[in-house]
Amino acid sequence: AAGVIQSPRHLIKEKRETATLKCYPIPRHDTVYWYQQGPGQDPQFLISFYEKMQSDKGSIPDRFSAQQFSDYHSELNMSSLELGDSALYFCASSLGRLAGGGEQFFGPGTRLTVL
Amino acid sequence: DQQVKQNSPSLSVQEGRISILNCDYTNSMFDYFLWYKKYPAEGPTFLISISSIKDKNEDGRFTVFLNKSAKHLSLHIVPSQPGDSAVYFCAARPFSGGYNKLIFGAGTRLAVHP
């Protein structure tokens with residue numbers, strides 16, 4: 001079965017550079033979520049989109065922005081990168097915001113390293 | 001303030017025995033609780049969930065128990081298999097905020113040894 005696809009899988013950037021992470025949800029899923037997992041930490045919710053509209057917002061820095069496109073894929077744009085942005089970034093998708101048992105299906109993540 | 005807590009960072013269990021992973025939460029405004037399993041270099045994989053109006057949900061070798069009065073849930077894996085070795089995250093979905101985000105615990109690393 002098709003899963004959530006994230007690209008790139010690994011990304012190395014310098015401080016103050018920009019980065020764009022992409023997420024392709026499971027086919028027919030209309031809701032996308034972004035999470036950030038720092039080293040040794042639990043995944044922290046950043047932002048979500050439902051039907052191309054921002055649905056919920058968590059601890060996302062102002063330097064980050066995201067959007068969901070007409071084909072339901074999503075991009076997380078990160079500017080003025082800081083060392084502390086180094087983390088694993090997960091995208092998840094679900095069918096509908098109130099998906100049944102609450103389950104979200106996660107991609108393999110993008111590991112961002114800021115030097 | 002950590003709303004979902006997994007106080008045991010690791011657990012070691014012998015193959016064939018029961019694994020019990022615990023999770024506590026600090027407020028009652030969650031409508032679903034979920035367990036995810038995570039292998040290195042992979043994203044979390046959904047295992048099982050439970051509605052806040054239930055006290056038990058079972059799926060094969062996995063059973064989740066919810067004790068609302070104690071604000072505690074547990075995941076039972078029986079029998080445990082070496083392939084179950086992974087990090088297990090407890091997560092909760094809040095009523096508010098558009099039902100969107102999941103709040104995760106810190107995870108428990110399970111090692112199942114022969």
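Selection of region B:37-61 for residues being out of contact with any Gly (no Cβ under 9 Å at 6 or more places or on another chain), under 23 Å from A:Pro108 (Cα atoms) and in a strand (DSSP E or B) yields B:Lys37, B:Thr45, B:Leu47. Checking B:Gln2 against (1) of a type outside the set (A, V, I, L, M); (2) touching a residue at least 40 places away in the same chain (Cβ under 8 Å); (3) assigned to a strand (DSSP E or B); (4) within 12 Å of chain A (Cβ to nearest Cβ): exactly one of these is not met. Which one? That leaves (3) as the condition not met.
The listed residues are B:Pro44, B:Pro9, B:Pro40, and the only one of them that is at the interface with chain A (Cβ under 10 Å from one of its Cβ atoms) and either surrounded by fewer than 20 Cβ atoms within 10 Å (Cβ to Cβ) or among the hydroxyl-bearing types (Ser, Thr, Tyr) (or both) turns out to be B:Pro9.
Being outside any strand (DSSP E or B) and not small (Gly, Ala, Ser) is the filter here; which residues of region B:5-36 pass it? Outline the logic, then answer.
Going through region B:5-36, the residues outside any strand (DSSP E or B) turn out to be B:6-9, B:15-18, B:26-29.
Result: B:Gln6, B:Asn7, B:Pro9, B:Glu15, B:Arg17, B:Ile18, B:Thr26, B:Asn27, B:Met29.
Hey, does region A:72-92 have a residue that's within 12 Å of the chain's Cα centre (by Cα), assigned to a loop (DSSP other than H, G, I, E, B) and over 30 Å from B:Ser10 (Cβ atoms)? There is at least one residue in region A:72-92 that is within 12 Å of the chain's Cα centre (by Cα), assigned to a loop (DSSP other than H, G, I, E, B) and over 30 Å from B:Ser10 (Cβ atoms).
Note on region A:45-64: among residues that are surrounded by fewer than 18 Cβ atoms within 10 Å (Cβ to Cβ) and assigned to a strand (DSSP E or B), the one that is farthest from the chain's Cα centre (by Cα) is A:Met53. If you go through region A:22-44 and keep only what is within 17 Å of B:Cys90 (Cα to Cα), facing another protein chain (nearest Cβ under 9 Å) and part of a strand (DSSP E or B), you end up with A:Tyr35, A:Gln37, A:Gln44.
Here, each number is a calculation from the coordinates, and none is a lab measurement. Small disclaimer: the values here were computed from a predicted structure and weren't measured. Heads up, the Cβs are rebuilt from the backbone with ideal geometry, glycines too, and the neighbour counts pull from every protein chain shown.
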